[in-house]
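> Take a look at the following structure, please.
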Amino acid sequence: MPIQLSLICPVYKVAEFIPALMQSLLIGVNTDQVEIIFVDDCCPENSIDICETFILENAKKIKFNSTIIKQSQNKGQAAARNAALLIAKGKYIGFIDSDDAIAANYWDVLYPYVQAAQKDIIEFNFQEFTSILPLCDSSETTELSGSNLTLFDTGFFVWTRLYKKEILKGLKFPESLIYEDIYYNIHAFSMAESIVRLSNSLVFYRKRAGSTTSGRTSSYSNLLLNMVNSVKATLANYDKKDVVVAQVARYSLLVSLKGFTIKERADRKVFFNRCKKINLSFKNDFNKSNNSIIAALKFKLSYFVCLIGRFL
């Protein structure tokens, strides 16, 4: 059977979580119409070995195709995903993080939409968990309204979407920057003409200890940087440019305010300086497309927050 879905999974330092992921894949996408591309990002422990062992031990049960790419050096999640994108064969591209898991009905819900291939992007929900996987969402599938603007409200995770490969046109993740999902999604949605949102929760997101807002550093400014850079590059593709720039203004203010949670004063100053420069780089684009007084106030306020934040 032709590959309908390529599911990309970077692997790095997740040995204790890999068994749950692999078991969920065996249940949730066990079909020869799916390929799973694992990318070993130079694991310093045995994460990828656990993947390989699971595949060997369950060879008689496994129907999905599997490929393991081994990076020559640790380059990060974006580079790992890009390496997999180069060889992905599926009609659709999906992503899963190696410390998460998928629902048992993942393929059952998505298959009719993948088979029909009428939608450029297929969106779905997720549930958070810490140690025990949630029960599978057994509710019927409801289609919700979606557009290329909904990502600003539904979030920027790539693992809550499937993307038709032909619309991506070789799109890659920006390497050496965190929050690369924002960049990827804004580009992908700007090229999409048909989007469907499904009510089902098909991914289980593991909330790991230590991932709290108190741990923010100046690198958090990359969230705003990736958003501004991607919107500047794609704004011409969006029909409602005023809505897009208004969303950037909203996120700019939210990100700037969260800079006050950075503990180290010197690092906090770096963060606010970066955000101020990012806002300035977007000023002309914002002024050309904005027609909202509220958005203008948010954009100016975010700039003011950055000015005073450097001295607190």
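> Please work out how much accessible surface I96 shows to a 1.4 Å probe, ignoring ligands, DNA and RNA, in Å² rounded to 10.
0
> In a shell of Cβ-Cβ distance under 9 Å around R206, excluding R206 itself, what net charge do Lys and Arg (+1) and Asp and Glu (-1) give?
-2
> Using the Cα centre as the reference, give the magnitude of the dipole from point charges on the C-beta atoms of the chain (Lys, Arg: +1; Asp, Glu: -1; all else neutral), rounded to the nearest 20 debye.
It comes to approximately 1620 debye.
> So for the pair K60, L86, with labels modelled 7 Å out along Cα→Cβ, what separation do we get in nm?
With each label point 7 Å from Cα toward Cβ, the separation is 3.8 nm.
> For region 225-287, just say rounded, prolate or oblate: build the C-alpha gyration tensor, square-root its eigenvalues into a ≥ b ≥ c, call rounded for a/c under 1.5, and beyond that prolate if a/b exceeds b/c, oblate if not.
Prolate, since a/c reaches 1.5 and a/b exceeds b/c.
> Next question. Considering only L85, L307, A236, whose Cα is most displaced toward the positive end of the charge dipole of the chain, charges sitting on Cβ of Lys, Arg (+1) and Asp, Glu (-1)?
Going by the Cα projections, it comes out as L307.
> Suppose the Debye formula is applied to equal point scatterers at every Cα of the chain; what is log10 I(q)/I(0) at q = 0.06, 0.07, 0.14 Å⁻¹?
Per q value, in the given order, log10 I(q)/I(0) is -0.22, -0.29, -1.13.
> Another question about this same structure. How large, in percent, is the carbon and sulfur part of the accessible surface of the chain at a probe radius of 1.4 Å?
52
> Now, a different point. Quick one, could you list the DSSP H helices from the chain stretching 18 Å or more along their long axis (Cα atoms) with average Kyte-Doolittle hydropathy of -1.0 or above?
The qualifying helices are 221-234, 241-258, 293-309.
> Turning to a different aspect of this structure: How much FRET efficiency would the formula 1/(1 + (r/R0)^6) give for T141 and R265, where r is the Cβ-Cβ distance and R0 is 35 Å, rounded to 0.05?
Efficiency computed from Cβ-Cβ geometry: 0.10.
> Same structure again: Lys and Arg at +1, Asp and Glu at -1: add these up for the other residues within a Cβ distance under 15 Å of I294 and post the number.
So the environment of I294 carries a net charge of +2.
> Also: Using the heavy atoms of the protein chains alone and a 1.4 angstrom probe, what is the accessible area of the chain per residue in square angstrom?
47
> Now for a separate question. What ratio of Cα Rg to 2.2 N^0.38 Å holds for region 162-277?
Relative to the 2.2 N^0.38 Å estimate, region 162-277 comes out at 1.21.
> Same structure again: Tell me whether region 1-84 comes out rounded, prolate or oblate; compute the Cα gyration tensor, take square roots of the eigenvalues as a ≥ b ≥ c, and use a/c under 1.5 as the rounded threshold.
oblate
> Please name which of A295, P19, I102 has its Cα lying farthest along the dipole of the chain towards the positive end, using unit charges on Cβ (Lys, Arg +1; Asp, Glu -1) and the Cα centre as origin.
A295
> Which residue, R265, R250, R206, tops the fluctuation ranking in a GNM of the chain built on C-alpha contacts under 10 Å?
R265
The values are calculated or read from the model by the stated rules, or taken from the named source; none is laboratory data. Remember, it's a predicted structure, so these values are computed and weren't measured experimentally. Glycine also receives a Cβ, built like all others from the backbone with ideal geometry; neighbour counts cover every protein chain displayed. Surface accessibility is based on the protein's heavy atoms, side chains included, excluding ligands, DNA and RNA. Shrake-Rupley method; radii C 1.70, N 1.55, O 1.52, S 1.80 Å.
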